[in-house]
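**Student:** Sharing a structure, written as structure tokens. Questions coming.
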Amino acid sequence: MEILDKAYNPKEVEDRWYSRWLSKRYFYAKIDKEKKPFTIVIPPPNITGSLHMGHALNNSLQDMLIRKKRMEGYVALWLPGTDHAGIATQNVVEKELAKEGLTRQQLGRENFLKRVWEWKEKYGDTITEQLKKLGCSCDWERTRFTMDEGYSLAVKKVFVDLYHEGLIYKGKRIINWCPRCLTALSDIEVEHEEVESHLWYIRYPFKDLDSYLVIATTRPETLLGDTAVAVNPKDSRYKDYIGRTLILPCAYREIPVIADDFVGMTFGTGALKVTPAHDPNDFEIGERHDLSRINIFTPDAKINENGGDYLGMDRYGAREAIIMDLEEGGLLEKVERHVHAIGHCYRCHTVIEPYLSEQWFVKMEPLAKPAIEVVEEGKIKFVPKRWEKVYFDWMENIKDWCISRQIWWGHQIPAWYCECGEIIVQLEEPSSCSKCKSHNLVQDSDVLDTWFSSALWPFATLGWPEETEDLVYFYPTSVLSTARDIIYLWVARMIMTGLKFANNIPFHTVVIHPTVLTIEGKRMSKSLGTGVDPLDLIEKYGTDATRFGLLVQAQSQDMRFSEEKLEMSRNFANKIWNASRFVLMNLKDYQPPEKFKYNLADLWILSRCNHVISQVNKAFERYDVSEVCRVLYDFFWSEFCDWYVEVSKPSLYGEVDSIRRQTIQHTLIYVLERTLSLLHPIMPFITEEIWQKLPGAKESIVVSPWPKTDTSLINNEIEKEMSLLMSVTVAIRSLRAEFKVPPEKKVSVVVFLHDSGKKRILSDNTLYITSLANVSEFKISLEKPEHSAMAIVEGVEVFLLLAGLIDFKKECLRLEGEIAEAKKELVKIGEKLANREFLKKAPGEIVRKEKEKKEVLLEKINKLENQLVQIKS
RNA sequence: GGGCGAUUGGCUCAGGGGGAGAGCACCUCCCUUACAAGGAGGGGGUCAGAGGUUCAAAUCCUCUAUCGCCCACCA
């Protein structure tokens, strides 16, 4: 039997096992129709990404689930891969080009894309390599990328099918435009943030009257694009002005006063400037009143030729200039402070410009409907359940999805325009126009929203649209685990496309894990420097400790993470290591026993162990990974190590009876082996390393069977008996400490009790108490000894014979304190039992328990008082 | 403006109708041959506040306060 080093050294162990597992192909999910599949598709990280705490948590969680199922005998597939991340990746490569003084426009589309692919080949696997460091048991042979050939075909097919079904259309609308990324964004890619700004009150003079109308706006610069001022038709203040003409300040255009229900009468002045090309509401008002739409911005948000004198200014410069001009012209009535939310690009945080342009959209309502139903019907469950409401709220108010992006990196839209005006949408490039036969066709230059392609992830990765073996066997997948901020962006859309194109739900459970925050409760962010790098943690504490530390905190609330919290986990890993070391050190002569001779403690730990197996399995069913961690931590440390290992020592060191010895050895192995298996999904490396050294170890813990509860070993009677011994032991230790008995000094103990059952337990297991509490003589007596300190546990009076060591004054005080405390409790219980309503309405079980408590307390007080009298005499 | 979540010992968090818990920190003792990344013992909380339901509330309901998150076209 090989003995372990004194302290656990994770680094040495981790690389060795991971490459071993790979070479054995344990993570490869081989289709076996006799077995059930269990599938998780990884939320594909961006190729630009590197592992952050959120990834570390989410992937530890997925690995935990997949490893457990693998051990349970499922064909467990964890399908990995990456996302091409259109805007993000394009930005990164453009930045690189900028260092060389180049722009993508200078390079041209084709060369630029070549550069991006080169970049991808070089850096795109960074994050998947990091996942290996985390111990993730992904099936790397099935790794996918959202721009793989097959995957791209799936994307095109979905687009083409939706188009021909009328669910994708092209339209001119106000969309969210990022003036820095120079592309449209969908509504959910815009992050709203409250900012302190102003409300400017501006006078718009009437053409034919010597007066003016005052409008209030947060964006004075857009007045250059105004084509009307609108008031509410019910607003008596303005009734007479409807239909009159105003002179637009700074632009000197004539615009009408119109009436529209949209306008609120209480905000501002009740008069609204209408800029159809730069505000979604104004756009709609414009449609109703047939107003012209004047675009005043260039794509990078500078004033264009429609802005007259302000041509070339950027939007903020133009604002200042216009305010100044208004002020000079006496047209600025007043300025108020005003807080409002404005949208920012989720990629570069530039302020979004509502911008009129022609884009492709997906009609969402028909897709959303069945996706709502499957969640309502419980076919897909969210964990925690409260996220279902979040999902419903969004789905029930869903808006059409703008899917075209004016960037180059991504899936180019499979639409071709003919000079005759015909639009051809199909998978392959057409050789000629289907209408006029012209060969002069140009493909739409836009690419699709990255989320359009990731929406297909659960089935496109399995080979769809081909009816592949993988697709048939592994789809629908089982669990999806992700962060809550992509419930709309990703989860909802996967459900919609899965139902539509793979004819089934994409997964039956959506686990929404908590967000990892800093210890101050702030979001972790690289740019703010508040992030923690999980690889640093792995380096410092080991992968297993890092995983345990994250998972034990993964409860239903967000977690405030700090590095110190990993110390607990590292210590736990070390504890596992050393307890195993102890076991292995005492196994040198081990032979699997043919006969057993169990003691109370053996039966106790076997019972506890099986309780724990069942608790762990239940917690897994609820996806309560934190509970799994806690149950195992508590059991291993506070029961197995603190009690069973300690109890086993005297027998292992001194016992001559070889059957007893073998029984203890067997029990140690039984418990350790099972605990390691239960811990393996959380802490894969240390458990494998130790497991391999246990007698009878087979191939690998990775593919070893998951523990099943053996109910025949669960014995509540035994657990109660053991707890009596533990209580007596603690009582003796406590008295020793109270009276400062040196640890090495052996003491004599006398216990006094009447209960014959308890007497038997104590006399049968004296060795536990004498060894655990350093007792030389342990007597069950019918006489109370003098000159001793006393404690009462479970009705047993425990006397520590301390002639000469006892400070009687102190002991009196202590006893009086205990009496007082017991009496306080007695009063409370007394009141309860005096309450007739309680006796009448509370369940009999509760009443009985309270009465029993009262008896125990009375007895205890009586005993304590007797002792007090005796000591004083 | 709407919704969701949180409020439990100094800190970070469990618990979720009938005995207030853990880890860290703190105090005392111990380098005992698995482990000082450890062991033994101990102190510390009227469970944010106010009402209500109940025989019984940290736990369920209502309201309030504070913090956080999400959604939203009031310019």
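**Student:** Kindly list the number of the only condition in (1) more than 10 Å from RNA strand B (Cβ to nearest atom); (2) on the phi < 0 side of the Ramachandran plot that fails for A:N835.
**Tutor:** (1)
**Student:** Shifting gears a bit: Could you check segment A:479-533 and list, in sequence order, the residues that are within 12 Å of RNA strand B (Cβ to nearest atom), out of contact with any Lys or Arg (no Cβ under 8 Å at 6 or more places or on another chain) and touching a residue at least 60 places away in the same chain (Cβ under 8 Å)?
**Tutor:** Matches in segment A:479-533: A:A483, A:R484, A:I486, A:I487, A:Y488, A:L489, A:A492, A:P514, A:V516, A:M524.
**Student:** Among A:V583, A:V612, which is the only one that is away from RNA strand B (no atom under 12 Å from the Cβ), touching a helix residue (DSSP H, G or I) at 6+ places or on another chain (Cβ under 9 Å), assigned to a helix (DSSP H, G or I) and more than 22 Å from A:V730 (Cα to Cα)?
**Tutor:** Every option except A:V612 fails the conditions.
**Student:** Restricting to helices (runs of 4 or more DSSP H) lying wholly in segment A:634-716: which have 2 or more residues that are within 13 Å of RNA strand B (Cβ to nearest atom) and within 15 Å of A:K575 (Cα to Cα)?
**Tutor:** A:658-679, A:684-691
**Student:** Same structure again: Restricting to segment A:837-850, name every residue that is surrounded by 14 or more Cβ atoms within 10 Å (Cβ to Cβ) and closer than 20 Å to A:K824 by Cα.
**Tutor:** A:F838, A:V847, A:E850
**Student:** In segment A:676-686, which residues are of a type outside the set (A, V, I, L, M) and either in contact with a Gly (Cβ under 7 Å, 6 or more places away or on another chain) or buried (at least 24 other Cβ atoms within 10 Å of the Cβ) (or both)?
**Tutor:** Result: A:H680, A:P681, A:P684, A:F685.
**Student:** Would you be able to tell me the number of residues in segment A:388-410 that are within 11 Å of RNA strand B (Cβ to nearest atom) and under 17 Å from A:D485 (Cβ atoms)?
**Tutor:** Residues meeting the conditions: 6.
**Student:** Step by step: first the residues of segment A:64-78, then only those that are in contact with a strand residue (DSSP E or B) (Cβ under 7 Å, 6 or more places away or on another chain) and not aliphatic (A, V, I, L, M), then the one that is surrounded by the most Cβ atoms within 10 Å (Cβ to Cβ). Which residue is that? Reasoning before the result, please.
**Tutor:** Initial filter on segment A:64-78 (in contact with a strand residue (DSSP E or B) (Cβ under 7 Å, 6 or more places away or on another chain)): A:65-66, A:69-70, A:74-78.
If we keep only those that are not aliphatic (A, V, I, L, M) too, we end up with A:69-70, A:74, A:78.
Numbers: A:K69: 24, A:R70: 24, A:Y74: 19, A:W78: 26.
Only one residue tops the list, namely A:W78.
**Student:** Which one of the conditions (1) buried (at least 20 other Cβ atoms within 10 Å of the Cβ); (2) more than 28 Å from the chain's Cα centre (by Cα) does A:K24 fail to meet, given that it meets all the rest?
**Tutor:** All conditions pass for A:K24, except number (1).
**Student:** While we're here: Restricting the search to segment A:534-570, which residues are within 10 Å of RNA strand B (Cβ to nearest atom) and either assigned to a loop (DSSP other than H, G, I, E, B) or touching a His at 6+ places or on another chain (Cβ under 9 Å) (or both)?
**Tutor:** A:G542, A:Q553, A:A554, A:Q555, A:S556, A:Q557, A:D558, A:F561, A:S562, A:E564
**Student:** For A:N774, are the conditions met, namely being away from RNA strand B (no atom under 15 Å from the Cβ) and either crowded, with 16+ Cβ neighbours inside 10 Å or touching a residue at least 40 places away in the same chain (Cβ under 8 Å) (or both)?
**Tutor:** no
Results for (1) under 18 Å from A:W706 (Cα atoms); (2) in contact with a Ser or Thr (Cβ under 9 Å, 6 or more places away or on another chain), shown as yes or no for each residue.
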site	(1), (2)
A:D602	no, yes
A:H611	yes, yes
A:R622	yes, no
A:R630	no, no
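**Student:** Which residues, counting only those in segment A:717-732, are buried (at least 19 other Cβ atoms within 10 Å of the Cβ) and either of a type in the set (F, W, Y) or within 16 Å of RNA strand B (Cβ to nearest atom) (or both)?
**Tutor:** Residues of segment A:717-732 buried (at least 19 other Cβ atoms within 10 Å of the Cβ): A:718, A:721-722, A:724-726, A:728-729, A:731-732.
If the condition is that a residue be buried (at least 19 other Cβ atoms within 10 Å of the Cβ) and either of a type in the set (F, W, Y) or within 16 Å of RNA strand B (Cβ to nearest atom) (or both), then A:E721, A:M722, A:L724, A:L725, A:M726, A:V728, A:T729, A:A731, A:I732 are the ones that fit.
**Student:** Tally the residues that are crowded, with 20+ Cβ neighbours inside 10 Å and touching a Phe, Trp or Tyr at 6+ places or on another chain (Cβ under 9 Å), restricting the search to segment A:633-647.
**Tutor:** Summing the residues that are crowded, with 20+ Cβ neighbours inside 10 Å and touching a Phe, Trp or Tyr at 6+ places or on another chain (Cβ under 9 Å) in segment A:633-647 gives 6.
Every read-out reported here was derived from the displayed coordinates using simple, explicitly stated rules and does not represent laboratory data. If you're wondering where the values come from, they're calculated on a predicted model, not measured in any experiment. Every residue, glycine as well, gets a Cβ built from its backbone with ideal geometry; the counts of neighbours run over all protein chains shown.
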